Amino acid sequence: MRSCATGPGPAKARRQSGSVAALGALWLMVAVICLATIDIGNVFWQKRELQKIADLAALAGASVTRMQDCAGSAQQNATQNGARPQELAVECGNWSKSRAGATASDMFAAGQNPFNASRVQLSRSVPFFFIWDAGGNNSRLVSAKAVAWRPQPAAALTIRTTLLQVDTTQSALLNTLLGGLLGANIKLDALGWNGLLGTQVNLLQFLNLLAPRLGVQAGNYDQLLNADVTVGVLLQTMVDAVQQSASTASVTLQALNQLATAALGAPALTLKLSQLLNLQTGLDSSALDLGLNAFDLVQGFIQVGNGNSAASAAVAVPIPGLVNLNVFAKVMEPPQMSSVGDPARAKLSPLGADRIYVRTAQVRVLATVESPVLGGLFQTVDALLKPLSPLIAAVNLLLGNVNGYADMTILPPPSRLDLSLDLGGGQAYVTDYSCDAGSKKLVTNARTAAADIHLGRLGNSLDEAKSQAFGSKAPLQNSALPVLRLDCIGCDGFGKRTPQYFGGLGIKVDTPVAANTDPQFTFDNPPRLADSPLWQALSANNIVGSLGATVSSLNLLQPLPNDPRASPGGIQALLQVVSAVLSGLLGLLQGIVQGLLSPLLDPLVNVLVKGLGIDLAQTGVGAQLSCGLQPQLVY
């Protein structure tokens with residue numbers, strides 16, 4: 001039987017052969033893609049691994065505190081994580097966000113101090129296993145770069161008054177003093193002042209609230225610190241800042257509101273915050289997160305604003321219990337109460353542009369005792385010396401002064417006694433620091449308040465005395481107050497009196513009160529900026545307990561100049577005549593100073609001077625230091 005089955009025709013066989021070829025080509029393309037994907041994936045994987053190594057190495061380089069240790073630390077870390085030495089390039093230097101640059105890497109300056117960053121670059125040739133370039137290159141150069149920045153330690157210094165509590169009497173004096181500097185009437189009670197003494201104002205919060213008031217972009221603290229602002233705006237911003245604290249007492253808010261209202265009426269009082277707060281340029285906001293005392297800020301704003309005002313004048317301050325005594329005070333140089341910055345930059349030039357420096361106010365105080373008081377006190381001296389007139393006349397005859405005779409005048413007018421105190425204030429600035437484990441410290445150069453005492457007469461009237469004391473910052477030209485004047489009657493040939501022909505004796509004191517400077521005033525383990533500062537007091541050497549004690553150790557009596565025509569021998573003889581009572585006169589004058597002027601010292605120091613940020617006995621300095629900040633990647 002014949003079979004009917006037949007095989008595929010030639011056309012059909014050709015069609016099947018073409019399908020296999022197409023399928024083979026497709027699988028070949030898939031294989032090539034898979035192999036290429038393996039090579040491309042390997043390149044990306046290698047780049048990612050290099051980036052991880054570069055990141056870790058940069059962090060390791062930036063984590064050390066010395067530039068000479070940076071490269072070694074980065075290289076060691078990179079090799080431990082699989083990098084080969086020839087693939088690695090390490091740079092150490094300074095990174096600053098304020099430095100111009102298109103990228104964060106461009107903000108890095110190799111080899112520049114202060115050291116705070118490292119830049120690591122890794123380059124590796126990654127071979128292609130399955131793909132070749134047309135040019136025959138069978139590898140791809142892969143690179144990775146990383147910049148790590150270690151935020152520098154931040155240090156803060158604060159200088160303060162030791163006025164810790166205000167009573168009713170002190171509040172009246174503070175109202176007069178700060179109200180006079182402000183040019184307004186202030187009536188705060190002791191509760192209001194004590195509320196300010198016990199209130200802290202967060203500096204960062206205060207600056208952020210102030211920026212929109214002055215039209216300054218938020219975060220641009222350098223511009224904000226150098227913008228002109230009135231005292232009224234600053235005090236109103238303080239009100240807003242303390243209102244955000246739930247713990248602020250209402251009495252404190254009332255006190256600040258009263259001060260702000262008074263200051264808004266004195267628009268001429270303007271200042272720049274940089275005159276009061278010394279902040280390094282380019283600081284991070286974290287370095288500004290610290291508290292400042294509200295009372296110190298208030299008195300600082302008013303003092304600086306008053307010092308900048310062309311119309312500012314000395315303020316009359318009444319001292320309770322002391323009559324016929326005029327007291328005036330003026331801030332000759334305002335304080336700089338707080339300073340924040342990088343101690344590494346400050347260490348390079350402690351008094352340069354990056355200094356961390358604070359000072360208290362430098363104040364001149366003038367106290368004058370008018371003649372009615374002195375006249376009564378000198379009656380005893382007059383009684384002691386007047387009986388010597390016949391003896392002086394006899395000396396005249398013996399000396400051959402036939403044309404005239406000497407006559408004594410006790411306390412000739414004007415008989416006003418002037419006391420001026422130049423209070424140099426305290427200061428401190430950072431010179432060194434350490435963030436090493438177990439030895440964290442901040443080293444400063446500190447100097448406590450020095451005072452110059454001037455006792456005598458500044459001009460012939462109270463206005464002349466005020467002009468002499470407060471007209472400039474120059475040293476005073478003090479003259480002796482005549483207490484015993486040896487005139488000559490008839491020495492002019494016409495029988496008239498020639499004042500001070502034979503000279504005389506006067507009161508004059510120009511003496512400094514010794515200061516104390518400690519170039520290694522060290523704070524061990526100071527707290528971080530977010531915590532309260534560590535306070536230390538630097539006491540002055542040989543600071544007297546009272547003005548009377550100071551004066552009693554001095555020779556008050558100074559010879560007064562005589563007429564050039566007078567015989568030197570005659571003058572010496574006349575002074576020898578009265579020498580017997582000089583000791584009694586000196587003791588009486590010291591009694592005047594002790595009994596009349598010494599009571600001025602306690603209220604002057606306790607309220608007036610401390611209210612201006614000065615303590616004659618010591619300077620209080622607070623320190624903070626933030627260390628141990630971890631490095632972070634910036635590129």
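The numbers here are math on the coordinates, done by the rules we state, and not lab data. Bear in mind that the values here come from a model prediction, so they are computed numbers and not experimental data. As a convention, Cβ positions derive from the backbone with ideal geometry for all residues, glycine included, and neighbour counts pool all protein chains shown.
Can you give me the long-range amide H partners of residue 332? Hydrogens built in the peptide plane at 1.01 Å from N, cutoff under 5 Å, separation of 5 or more residues or another chain.
Amide H to amide H, under 5 Å and 5 or more residues apart or across chains, residue 332 pairs with 362, 363, 364.
How many angstrom lie between the Cα centre of segment 239-299 and the Cα centre of segment 469-511?
50 Å
Can you give me the long-range amide H partners of residue 290? Hydrogens built in the peptide plane at 1.01 Å from N, cutoff under 5 Å, separation of 5 or more residues or another chain.
Placed amide hydrogens put 203, 204 under 5 Å from residue 290.
Can you figure out the FRET efficiency of residue 204 with residue 630, using R₀ = 22 Å and their beta-carbon distance, to the nearest 0.05?
On the way: r = 21 Å, r/R0 = 0.95.
So, using R0 = 22 Å, E works out to roughly 0.60.
Assuming R0 = 60 Å, can you tell me the calculated FRET efficiency for the pair residue 168 and residue 103, based on Cβ-Cβ distance, to the nearest 0.05?
On the way: r = 63 Å, r/R0 = 1.05.
E between residue 168 and residue 103, to the nearest 0.05, is 0.40.
Quick one: if you take sqrt(5λ) for each eigenvalue of the C-alpha gyration tensor of segment 423-496, what semi-axes come out, biggest first, whole angstrom?
Details: eigenvalues 598, 34, 13 Å².
Semi-axes (√(5λ), whole Å): 55, 13, 8.
Enumerate the amide H contacts of residue 431 below 5 Å, restricted to partners 5 or more residues apart or on another chain; note that Pro and chain-start residues carry no placed amide H.
Sorted by chain and number, the residues that satisfy this are 443, 444, 445.
Counting Lys +1, Arg +1, Asp -1, Glu -1, what net charge surrounds residue 286 among other residues with beta carbon under 15 Å of its beta carbon? It would help to have the intermediate numbers written out before the result.
Values: positive: 97, 150, 528; negative: 284, 289, 342, 531.
Value of the local net charge: -1.
Mind ranking 357-368, 75-86, 521-532 by how tightly packed they are, going by the mean number of other C-beta atoms within 10 angstrom, highest first?
357-368, 521-532, 75-86
So, by mean Cβ neighbours within 10 angstrom, what's the order for 166-172, 116-122 with the highest one leading?
Values: 166-172: 17.0, 116-122: 26.3.
Descending packing order for the listed peptides: 116-122, 166-172.
With a Förster radius of 30 Å, plug the Cβ-Cβ distance of residue 510 and residue 489 into 1/(1 + (r/R0)^6) and report the FRET value to the nearest 0.05.
Working: r = 33 Å, r/R0 = 1.10.
The pair residue 510/residue 489 has a calculated efficiency of 0.35.
P(r) for segment 155-252: what percent of alpha-carbon pairs falls in each 10 Å bin, starting at zero?
Percent of pairs per bin, in order: 13, 37, 37, 12, 1.
Could you state the number of Å between the C-alpha centres of segment 173-219 and segment 105-119?
Their Cα centres are 40 Å away from one another.
Quick check on segment 52-102: what are the equivalent-ellipsoid semi-axes from the Cα gyration tensor, as sqrt(5λ), descending, whole Å?
Details: eigenvalues 89, 33, 17 Å².
For segment 52-102, the semi-axes come out at 21, 13, 9 Å.
Kirkwood hydrodynamic radius, segment 466-522, all distinct C-alpha pairs: what's the number in Å?
That comes to 15.5 Å for segment 466-522.
Multiply the residue gap between residue 240 and residue 497 by 0.36 nm, knock off their C-alpha separation, and tell me the result in nm, one decimal place.
Values: separation 257, 0.36 × 257 = 92.52 nm, distance 7.02 nm.
Taking residue 240 through residue 497 to full extension adds about 85.5 nm, to one decimal.
Hey, what does the equivalent ellipsoid look like for segment 438-478, semi-axes from the Cα gyration tensor as sqrt of 5 times each eigenvalue, largest first, whole Å? Before the final figure, lay out the partial values.
On the way: eigenvalues 327, 21, 9 Å².
The equivalent ellipsoid of segment 438-478 has semi-axes of 40, 10, 7 Å.
Translational diffusion coefficient of segment 441-548 at 4 °C, 1.567 mPa s, Stokes-Einstein with Kirkwood Rh over Cα pairs, in µm²/s as a whole number.
Numbers: Rh = 18.7 Å.
Result for D is 69 µm²/s.
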